[in-house]
Structure formats: C-alpha cells, structure tokens
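Every number here is computed from the coordinates shown, using simple stated rules; none is lab data. This one's a predicted model, so the numbers in the text were calculated from it and none came from an experiment. Positions of Cβ are generated from backbone atoms using ideal geometry, with glycine treated the same way; all protein chains shown enter the neighbour counts.
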Amino acid sequence: EAGWRNVELGASDEKFQNLHEFIRKARALLNQNAWDYIVGGTETETTLRRNRMALDEIAFRPRVLRDVSTVDASVETFGRRLRLPVVLAPVGALEIFDPAGAASVARGAGRFGAAHMLSSVTEPGLEKTAEAAPDALRIFQLYVRGDDAFVEDYVSRAVANRYTAFCLTVDTAHYSRRERDIAKRYVRESRLRATGGDHQKALSWHTVKLIKDKFKLPLIIKGIATAEDAQIAVDHGVDWIYVSNHGGRQLDHGRGAMHVLPEIVQAVKGRARIMVDGGFCRGTDIVKAIASGADLVGIGRLQCWALAAAGEDGILRMLELLEDEVIRTLGLLGVTSFAELDPSYLHPATATN
Ligand code: FNR
C-alpha cells in the first residue's frame, strides 16, 4: 500500500490536511492590517494576479505506463541534499505572525530539510536566527540601507554565522505604493521603512562587484526580471539568479514570474543557477518551475499563512504537504525524480485548453 510514496503524513499536526487550511486559520487569527500586509500588492495588484495566472497558464503533458513505485522529491543544492527544491523566501516583520519570527521559520525549514532565506528586516536578526537553527541551510538577504562598509559588515556577519549564501534584493529601488496600507493610513512599526532609502535608490552593479571581489560566499541577486540583467549578473560572476517580482509588491504591471523564467533560463545557459518565486502555493506549481529550468522555488505568502496558523510546526507541516503533492504530481507525470523533468512535460494553456 502506498509504496510509491516516501513520506508518511500526520507526524506533526493532524489538524492540517491540506494547504488551504493554513489560509483559513490565518485569516481567522489575524487582524485586517496583518492580513493585508501578507496578501497585498502594489497599486492595481496586476503583477500579483499575473504571478498566479502565469502558473495557471501552464498545463502538464503527463506520460503513463512507467514504473513510478518510488518517487524521490529531493534535490542536490549548495552541496547539500534538500528534501524539496524549496527555499522559504525572505519575509520582513515575521514577528507579526509569531513571537519568535524568522527563528520559527528557520527551525521548521531545518527540521524538514528545506532552505531558509532570512530577511534583513525581520526579527530576531542575523545572529539569533543562526543560533536558533544552526544546521538548517540558511541564506541571508539584505536590503542595502547604507554605504559599502554597511554591506561588507553584513556579508562578514553572514560568513561568521555560517550562512550558506548571501542575497541582495534589487527590485526595491523605490518603495512601492501599497494601497491597502495607504487606504487605512497604516504604517508598520518595523525596520521595513527605516532610514537608508537613498542608498537603495542609488544601488548599482558596483555593490555586486564589491561583494564578488571581497567574499567567497555564493551570491544571489533577487529581483531579476529580464534576460539582459541576467546576462550582466552572470558576467559579474553571480552564482544564483533569483527571478522575482517581489510577489507583486514592487513594480505594478510587470510580467508573471513564470512568464519571465524561460528567457532567463535561455540567457543564463547553465552558467548560474536559478531560483524563482511569485504565486507558488502548490506542489504542482513547484513541479512546473523545475520542469521550466529553475533549480529552487521560493515560498512567500504561504509561509506567512502557515506561520500565523501554527508557528514552527505549521512551517514543517506546510512543507510536508507540499512534498506529498510534489511526489504525487511527479508520479502522475510518469517520472521518479526532478532530474527526469524537462519542458516537454509542459504545455501552454488557457483556462479551457
Ligand atoms: C516579502 N518579500 C520580501 N522580499 C525580500 O527580498 N525581502 C523582504 O524583506 C521581503 N518581505 C516580504 C514581506 C511579505 C509579507 C511578503 C508577502 C513578501 C518578497 C518575498 O521574498 C517573495 O519574493 C514573494 O513573497 C514571493 O511571492 P509569493 O510566494 O508571496 O506569491
């Protein structure tokens, strides 16, 4: 029975049997400000909607009559084996959802065997999150809010605290108009809106070069949305391209992330590895990204819902459910591992074809 499945569900929280239950629980627990902080995007929220539409506009081309008795959802990345090709994306102000903030997410990710990316604008900060989950695959993400010395200080601290890689977010040159917040005259009391915005506006490839010249830590650039910039990043020796539109929270009227991914894969030609996020909330979504040429998928809002609903255990349970969905999807596609996937398993789709 269920010999094709290599995960046993029910270990952590019997209450959550599908991913939607985290959303329902989080909605019930959070006040309107916290809820809008998670779900909101910029201005008309068109980029946000396009993330989901771009995923839904891909259909599968399943193959059948292949032995899929044993399906393995794990991947090799950063020299380690991850149970799923998933990174919990950097999210600011996680302390809104759980008193331990990012420490709970890092611990949940570590217990499961997924990667965690820590935002520079969330509690409990770089050192304490490292202490909380010493063995997790941890990546540090920085918003540049200071000069070169500010950047170097953060990279040095990431090295000292055994982060596996360093990520610069580059799609926030200007802070966007989050109209759900504006409409309520709501200003979060967090470091999100702290000083240093001028540094972010002035950010250029100089900082990328600075980090690559001085540090050996693998560098990720988050917020690449064109082949042109992917090419420049590769020319600078960047190790990972992170295709993202910030979950539709920065530039409005951008493309859905999954519509951007193919041109990046083509431009990079294997010279860097690729992460993607934006709208991912199901196992099928993850499978579509990897079949399209991504190496890792980032999970933003679903992480917030799971954390708000059930803390560290919620993160673990969310990852277990994603893994179960991924394994069933791979099996139904007729493959036994991510390595066997390629774009031939995908087909452009509208709502009806
Ligand atoms: C974010 N995102 C983000 N990105 C980043 O580089 N640093 C940050 O501090 C934050 N903060 C943040 C807060 C919240 C509440 C959300 C929802 C998002 C963007 C995040 O890393 C990721 O790119 C998107 O969330 C991915 O889209 P989905 O999964 O939310 O649809």
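Below is a table of values for the structure above.
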{"item": "Distance (nanometres) between label positions extended 7 Å along Cα→Cβ at K209 and K269", "result": "2.3"}
{"item": "Separation in nanometres of the label points that stand 7 Å from Cα toward Cβ, at E152 and F60", "result": "5.1"}
{"item": "Electrostatic dipole magnitude of the chain [Cβ: Lys, Arg +1; Asp, Glu -1; Cα centre; debye, to 20]", "result": "360"}
{"item": "Neighbour net charge for W205 - beta-carbon separation under 13 angstrom, K R +1, D E -1", "result": "-2"}
{"item": "³J(HN,Hα), Karplus 6.51/-1.76/1.60, whole Hz, each residue of the stretch 329-346, x for Gly, Pro", "result": "5, 4, x, 6, 7, x, 10, 10, 7, 4, 4, 7, 7, 7, x, 5, 8, 10"}
{"item": "Per-residue Cβ neighbour rank within 10 angstrom, fewest leading, R80, R301, R63", "result": "R80, R63, R301"}
{"item": "Angle in degrees between helix 205-214 and the longest Cα principal axis of the chain, rounded to the nearest 10", "result": "80"}
{"item": "The chain: angle of helix 148-160 to the longest principal axis, Cα-based, in degrees nearest 10", "result": "40"}
{"item": "Label-to-label distance, nm, for residues given as Y186 and T350 (7 Å Cα→Cβ offset)", "result": "3.7"}
{"item": "Rg over Rh, two decimals, the chain (C-alpha only, Kirkwood Rh)", "result": "0.94"}
{"item": "Sequence-separation-based contact order of the chain, relative, with Cα cut under 8 Å and 6+ spacing, percent", "result": "29"}
{"item": "Under-5 Å amide H pairs with L137, H placed in peptide plane, nonlocal only", "result": "H116"}
{"item": "Between helix 102-112 and the chain: long-axis angle, C-alpha atoms, 0 to 90°, nearest 10", "result": "30"}
{"item": "Farthest toward positive dipole pole in the chain [+1 Lys/Arg, -1 Asp/Glu at C-beta], among G196, G314, F140", "result": "G196"}
{"item": "Linear extension gain, E179 paired with M53, 0.36 nm per residue minus alpha-carbon span", "result": "43.2 nm"}
{"item": "Karplus (6.51, -1.76, 1.60) ³J(HN,Hα), θ = phi - 60°, over the stretch 279-295, in Hz, Gly and Pro reported as x", "result": "x, 6, 8, 9, x, 4, 4, 4, 4, 4, 5, 5, 5, 7, x, 7, 9"}
{"item": "Set of the stretch 299-332 residues, backbone N closer than 20 Å to the point 7 Å along the Cα-Cβ line of K15", "result": "302-322"}
{"item": "Sparse-neighbourhood loop sites, trypsin sites (Lys or Arg not before Pro) in the stretch 242-280 - DSSP loop, at most 13 other Cβ within 10 angstrom", "result": "K269"}
{"item": "Stretch in the chain that is longest and holds no GluC sites (Glu not before Pro) that DSSP places in a loop and that have at most 13 other beta carbons within 10 Å", "result": "15-188"}
